[in-house]
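Take a look at the structure below.
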Amino acid sequence: MFDSSEYPKGLDEDLFTKWLEEGRASKISYNYLLIVWDDFEADYLAVYVADREEIFKYEKYQNTANRESLIAAYDLYSESRIV
């Protein structure tokens with residue numbers, strides 16, 4: 001995933017699938033998986049949120065000077081990409 005010049009590096013499909021499964025299995029009722037880029041760690045992070053409004057607390061990748069930026073957001077249950 002994310003194997004283009006638009007993204008900082010590729011993301012392993014198996015890791016992405018693991019993140020989806022972990023979000024669905026959580027005791028907290030999460031609805032969304034955010035793929036976030038951490039500039040300091042130079043790696044992707046999985047962030048789980050319950051409400052759609054929480055997605056927009058992150059600025060999009062390449063449009064921010066913040067440490068963490070949003071690469072994509074997915075619905076945990078339909079697996080459809082939202083952002």
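The values are calculated or read from the model by the stated rules, or taken from the named source; none is laboratory data. What you see is a predicted model; the values in this text were computed from it and never measured. Heads up, the Cβs are rebuilt from the backbone with ideal geometry, glycines too, and the neighbour counts pull from every protein chain shown. The protein model used for the area step is the full one, side chains on, heavy atoms only, and it has no ligands, DNA or RNA in it. Shrake-Rupley method; radii C 1.70, N 1.55, O 1.52, S 1.80 Å.
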Give the residues of the stretch 19-37 that are without any contact (Cβ under 8 Å) to a residue 40 or more places away in the chain, over 22 Å from Tyr61 (Cα atoms) and not in a loop (DSSP other than H, G, I, E, B), sorted by residue number. Glu21, Glu22, Ala25
Within the stretch 27-43, of all residues that are out of contact with any strand residue (DSSP E or B) (no Cβ under 6 Å at 6 or more places or on another chain) and surrounded by 11 or more Cβ atoms within 10 Å (Cβ to Cβ), the one modelled with the lowest pLDDT is Asp39
Could you check the stretch 38-83 and list, in sequence order, the residues that are assigned to a loop (DSSP other than H, G, I, E, B) and among the acidic types (Asp, Glu)? Asp39, Glu41, Asp51, Glu59, Glu79
Check on Ser5, at pLDDT 95 or above, assigned to a loop (DSSP other than H, G, I, E, B) and open to solvent by 60 Å² or more (accessible area, probe 1.4 Å): no
